[in-house]
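Undergrad: The following block contains the structure, expressed as structure tokens.
The values are calculated or read from the model by the stated rules, or taken from the named source; none is laboratory data. Everything numeric here is computed off the predicted structure, so don't read it as measured data. Cβ atoms come from the backbone with ideal geometry, glycine included; neighbour counts cover every protein chain shown. Calculation scope for accessible area: heavy atoms of the full protein, side chains included, ligands and nucleic acids excluded. Shrake-Rupley method; radii C 1.70, N 1.55, O 1.52, S 1.80 Å.
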Amino acid sequence: MKAISITNHLGITTVAINNPPMNVLTIKLINEINEFVLSLRDDRDTKVVVFKSMHDSFFLAHLDLNVINGTQGGQAASIEFNHMIANIKAMKQLSVAVVDGVARGGGNEFVMACDLAYATENAAFAQPEIHVNIPTGGQGAVQFARRMGKNKALQALLLGNDFSAKQAESLNIITQFVPKAEMDTFLAMTLGVISQLEVRDIVMYKEIIATSIRDEEAGAELELRYFLARAKEQKTETIIAAFLKHGGQTLREAKDIQGIFIDTAAELT
Amino acid sequence: MKAISITNHLGITTVAINNPPMNVLTIKLINEINEFVLSLRDDRDTKVVVFKSMHDSFFLAHLDLNVINGTQGGQAASIEFNHMIANIKAMKQLSVAVVDGVARGGGNEFVMACDLAYATENAAFAQPEIHVNIPTGGQGAVQFARRMGKNKALQALLLGNDFSAKQAESLNIITQFVPKAEMDTFLAMTLGVISQLEVRDIVMYKEIIATSIRDEEAGAELELRYFLARAKEQKTETIIAAFLKHGGQTLREAKDIQGIFIDTAAELT
Amino acid sequence: MKAISITNHLGITTVAINNPPMNVLTIKLINEINEFVLSLRDDRDTKVVVFKSMHDSFFLAHLDLNVINGTQGGQAASIEFNHMIANIKAMKQLSVAVVDGVARGGGNEFVMACDLAYATENAAFAQPEIHVNIPTGGQGAVQFARRMGKNKALQALLLGNDFSAKQAESLNIITQFVPKAEMDTFLAMTLGVISQLEVRDIVMYKEIIATSIRDEEAGAELELRYFLARAKEQKTETIIAAFLKHGGQTLREAKDIQGIFIDTAAELT
């Protein structure tokens, strides 16, 4: 039996994780995720990949403690886990973690490897590795440092304490806290908008963002190059014509730009 | 008729933007702003430049959609717009956007090009470009990436949704939310303090900040060099003497350092 | 009489600062702090260093204004102050500022040089140097830039205004606001956990964090190298065995991972 099950719907692929008894990141689960993620490499139909857990209490518990040792097998499994994090970060599609349970250690690193992460009041996030004598091994410390700054990161890594979803949002561990009761509606709206885009749109913005964080000037040059090239496309002309026809660049924009976009989309389909 | 009108008062220049019907960034408006900004290059009397809108609903709507195309004129206008953003970022003076309406696309990029931005409950900020098939073209994605981190930036750029002033403050799109009813008093106090400084003070801190963000060690070296040089100035000796005379370096500092600064300034004028 | 007094308790060293009348950073105090910090270089027993003030109103007022001038002695003292900031930043141990009063100028720079900073409702933080014609000289502008971004940093440096502990937490000047009434309990719990670690654990995470902030890929490589090496240690095997014995990697983790850590520690001592 597979530890992940995959369903597709209108450009959104959902990966449901079910690795009893508590969604530990075993080598079996890691291999399945790696295989799936690499299979998306040339997929232009899938725009968004949602990772969610089938477990009541755990999103992903953490990396299997039985591989954290000096054996050849243990070290190889740890490296496979580390590659899984890198593979998720390198996805062309938008990756989204929907977290309704505990995500510690490698589980939290999985969450931070995704482009977006939404979490409920049942979520908990932590990197408690130092209390078993190891550092994080899937970019947990790297991401904490870059997301919350050196001081708050150092405190979180030395304490290893849990963060709630609200705290995690404020510390940039996740994108946004969403109450469980509102999650389905929130995802339908948010991912519904994004799945209308092309994969190349998502790739373009990921590239501009990554470049800009490394080097502001290089990011600005790259962005302008994309802008001038995209401005020349027939698709741009078609959309702008429809947008102008339905009240774009008029006062309707002030309070109802979403309505203009809806009317524009309706005309073009 | 000009799209911008300029007034000066005690070192503070106010640029009122009025480009009917909705403050779109047309090539006419872009050219006027570029001309004005470049005219300040050797101006040592102007310390602060405030940009505000004369429109009820819009700060700046966005870049004129009629230039977003593959024509030579369109591409040239887009590049002029991009240069305007770079010119504002390169100003010696402190640039301040006061936003009491909608600022989307190029309008939001204008806001982020300014050093400081204050906005009211009527403001809205967004980069919705991807929904007309283009990326941002005036460093919108660059600034989102650097200000809110890669995850929240990617979400904002793919959704293109509006942010309120309070949200924009928390995401570093603007410096501070200020209720409309308090804006005039707030600006008088804040800019009143800053306009007492010299242009070289503003330039010095902009340079230290930019260097420090690129390279912490280089920033620290530059800061110390400025500190040691400034410590030698007669002006420093004079101010510190007056500051000490009025209770500087005594317990009065604990609760009333502002009073000491006021007494010091009174003595020196 | 010394301006600092030092006490040790279970791996935690407390430095109480008492430099009447108002805890100004005089050359005497600076020299004492430098001497103390450098004495810790090869100390493996001290895990945490807490800096606190004996003064009712001031944590550290600021750098002595009498050294801010062009004399050889003044310039040398300013450089010693600058080295003190660098020395604190380079400490192997975890440095913690506990702030229950005013910390302006060099006092605030001292706070930001520490790894962690906790502050009460009596604290105030500011870099008002520009109003005496000088920039910050102990990385105040550098740290503001890196912690709050260029816009909020520029505003804070040009205004020189006070921030409360809550504001300072949100701007990353400090790690966390802690009400005065809860501070002792908070410190006992937090530092109690961290003082169980080894100095090399603290050094490792400081190094991974610093590397990751400069270069994400380099940070990820360094982290993995440490992870694989630490996974091989006998100490890791021993702790993981005890952790598994007490309910690690079972459902007990969901709601009581702290209890598992406590049982694990009890078994190992």
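Undergrad: Residues of the range C:147-191 being within 10 Å of chain B (Cβ to nearest Cβ) and among the hydroxyl-bearing types (Ser, Thr, Tyr), which ones?
TA: C:Ser170, the sole residue that qualifies.
Undergrad: Here's another thing I want to ask about it. From A:Gly138, A:Gly74, which residue is touching a Phe, Trp or Tyr at 6+ places or on another chain (Cβ under 7 Å) and either open to solvent by less than 10 Å² (accessible area, probe 1.4 Å) or not assigned by TED's automatic domain parsing to the domain that holds A:Lys166 (or both)?
TA: Sole residue among the options that is touching a Phe, Trp or Tyr at 6+ places or on another chain (Cβ under 7 Å) and either open to solvent by less than 10 Å² (accessible area, probe 1.4 Å) or not assigned by TED's automatic domain parsing to the domain that holds A:Lys166 (or both): A:Gly138.
Undergrad: While we're looking at this one, here's another question. Working carefully through the options A:Gln234, A:Gln167, find the one that is assigned by TED's automatic domain parsing to the domain that holds A:Cys114 and of a type in the set (S, T, N, Q).
TA: After applying the criteria, what remains is A:Gln167.
Undergrad: Let me confirm something: among A:Gln196, A:Gln167, A:Gln139, which residue is closer than 26 Å to C:Gln93 by Cα and polar (S, T, N, Q)?
TA: A:Gln139
Undergrad: Of the conditions (1) farther than 25 Å from A:Pro135 by Cβ; (2) more than 9 Å from chain A (Cβ to nearest Cβ); (3) not aromatic (Phe, Trp, Tyr), C:Ala266 fails just one. Which one is it?
TA: Going through the list (1) farther than 25 Å from A:Pro135 by Cβ; (2) more than 9 Å from chain A (Cβ to nearest Cβ); (3) not aromatic (Phe, Trp, Tyr), C:Ala266 breaks only (1).
Undergrad: For A:Glu109, only one of the following conditions fails: (1) acidic (Asp, Glu); (2) in contact with a Ser or Thr (Cβ under 7 Å, 6 or more places away or on another chain); (3) surrounded by fewer than 23 Cβ atoms within 10 Å (Cβ to Cβ). What is its number?
TA: It fails just one condition, (3).
Undergrad: Right, another one. Out of B:Gln167, B:Gln155, I need the residue that is touching a strand residue (DSSP E or B) at 6+ places or on another chain (Cβ under 7 Å) and under 26 Å from A:Ala97 (Cβ atoms). Which one?
TA: B:Gln155
Undergrad: Within the range A:7-28, track down each residue that is more than 23 Å from A:Gln75 (Cβ to Cβ) and open to solvent by 80 Å² or more (accessible area, probe 1.4 Å).
TA: A:Thr7, A:Asn8, A:His9, A:Leu10, A:Pro20, A:Pro21, listed by residue number.
Undergrad: Give the residues of the range A:20-33 that are among the hydrophobic types (A, V, I, L, M, F, W, C) and part of a loop (DSSP other than H, G, I, E, B), sorted by residue number.
TA: A:Met22, A:Val24
Undergrad: What are the residue pairs meeting all of these: first residue in the range B:32-52, first residue over 14 Å from B:Ile202 (Cα atoms), second residue open to solvent by 40 Å² or more (accessible area, probe 1.4 Å) and hydrophobic (A, V, I, L, M, F, W, C), Cβ atoms under 9 Å, and 6 or more apart or on different chains?
TA: B:Phe36/B:Ile6; B:Val37/B:Ala90
Undergrad: Looking only at residues that are crowded, with 17+ Cβ neighbours inside 10 Å and of a type in the set (D, E, K, R) in the range B:29-61, which one is farthest from A:Leu244 (Cα to Cα)?
TA: Among those residues, the one meeting the criterion is B:Lys47.
Undergrad: Something else about it: Check A:Phe36 against each of (1) part of a helix (DSSP H, G or I); (2) over 18 Å from the mean Cα position of the chain (by Cα) and name the one condition it does not meet.
TA: The single condition A:Phe36 does not satisfy is (2).
Undergrad: Which of the residues belonging to the range C:240-250 are at the interface with chain A (Cβ under 10 Å from one of its Cβ atoms) and open to solvent by 20 Å² or more (accessible area, probe 1.4 Å)?
TA: C:Ala241, C:Leu244, C:Gln249, C:Thr250
Undergrad: Turning to a different aspect of this structure: Looking only at the range C:78-92, count how many residues are aliphatic (A, V, I, L, M) and either over 26 Å from C:Thr13 (Cβ atoms) or surrounded by fewer than 18 Cβ atoms within 10 Å (Cβ to Cβ) (or both).
TA: 3
Undergrad: When residues of the range B:130-146 are filtered for being facing chain A (nearest Cβ under 7 Å), part of a helix (DSSP H, G or I) and in contact (Cβ under 8 Å) with a residue 12 or more places away in the chain, how many remain?
TA: Total meeting the criteria: 4.
Undergrad: Please go through the range C:107-129 and pick out each residue that is more than 9 Å from every other protein chain (Cβ to nearest Cβ) and not β-branched (Val, Ile, Thr).
TA: C:Gly107, C:Asn108, C:Glu109, C:Phe110, C:Ala113, C:Tyr118, C:Ala119, C:Glu121, C:Asn122, C:Ala123, C:Phe125, C:Gln127
Undergrad: Then there's this: When the residues of the range B:191-220 are narrowed to those that are open to solvent by less than 50 Å² (accessible area, probe 1.4 Å) and not in a helix (DSSP H, G or I), which ends up farthest from C:Pro135 (Cα to Cα)?
TA: So the residue we want is B:Ser195.
Undergrad: Does the range B:173-186 contain any residue that is outside any strand (DSSP E or B), in contact with a Leu (Cβ under 7 Å, 6 or more places away or on another chain) and open to solvent by less than 10 Å² (accessible area, probe 1.4 Å)?
TA: Among the residues of the range B:173-186, at least one is outside any strand (DSSP E or B), in contact with a Leu (Cβ under 7 Å, 6 or more places away or on another chain) and open to solvent by less than 10 Å² (accessible area, probe 1.4 Å), which makes the answer yes.
Undergrad: Let me ask something additional. Looking for something touching a residue at least 40 places away in the same chain (Cβ under 8 Å) and over 17 Å from the mean Cα position of the chain (by Cα) - is there at least one such residue anywhere in the range A:148-160?
TA: No - not one qualifying residue is present in the range A:148-160.
Undergrad: Only one of B:Glu253, B:Glu223, B:Glu233 is at pLDDT 95 or above and either open to solvent by 20 Å² or more (accessible area, probe 1.4 Å) or of a type in the set (S, T, N, Q) (or both). Can you tell me which?
TA: Matching residue, one of B:Glu253, B:Glu223, B:Glu233: B:Glu233.
Undergrad: Picking from C:Val96, C:Val50, which residue would you name as being in contact with a Ser or Thr (Cβ under 6 Å, 6 or more places away or on another chain) and either among the basic types (Lys, Arg) or more than 30 Å from B:Lys235 (Cβ to Cβ) (or both)?
TA: Of the residues listed, the single one that is in contact with a Ser or Thr (Cβ under 6 Å, 6 or more places away or on another chain) and either among the basic types (Lys, Arg) or more than 30 Å from B:Lys235 (Cβ to Cβ) (or both) is C:Val50.
Undergrad: Here's another thing I want to ask about it. Looking at the range C:57-85, which of the residues that are free of Cβ contacts under 8 Å to residues at least 24 places away in the same chain and among the hydrophobic types (A, V, I, L, M, F, W, C) is farthest from the other protein chains (Cβ to nearest Cβ)?
TA: Among those residues, the one meeting the criterion is C:Ala76.
Undergrad: Okay, moving on. Restricting the search to the range A:72-129, which residues are more than 10 Å from the chain's Cα centre (by Cα), over 22 Å from A:Pro21 (Cβ atoms), hydrophobic (A, V, I, L, M, F, W, C) and part of a loop (DSSP other than H, G, I, E, B)?
TA: The one that is more than 10 Å from the chain's Cα centre (by Cα), over 22 Å from A:Pro21 (Cβ atoms), hydrophobic (A, V, I, L, M, F, W, C) and part of a loop (DSSP other than H, G, I, E, B): A:Ala90.
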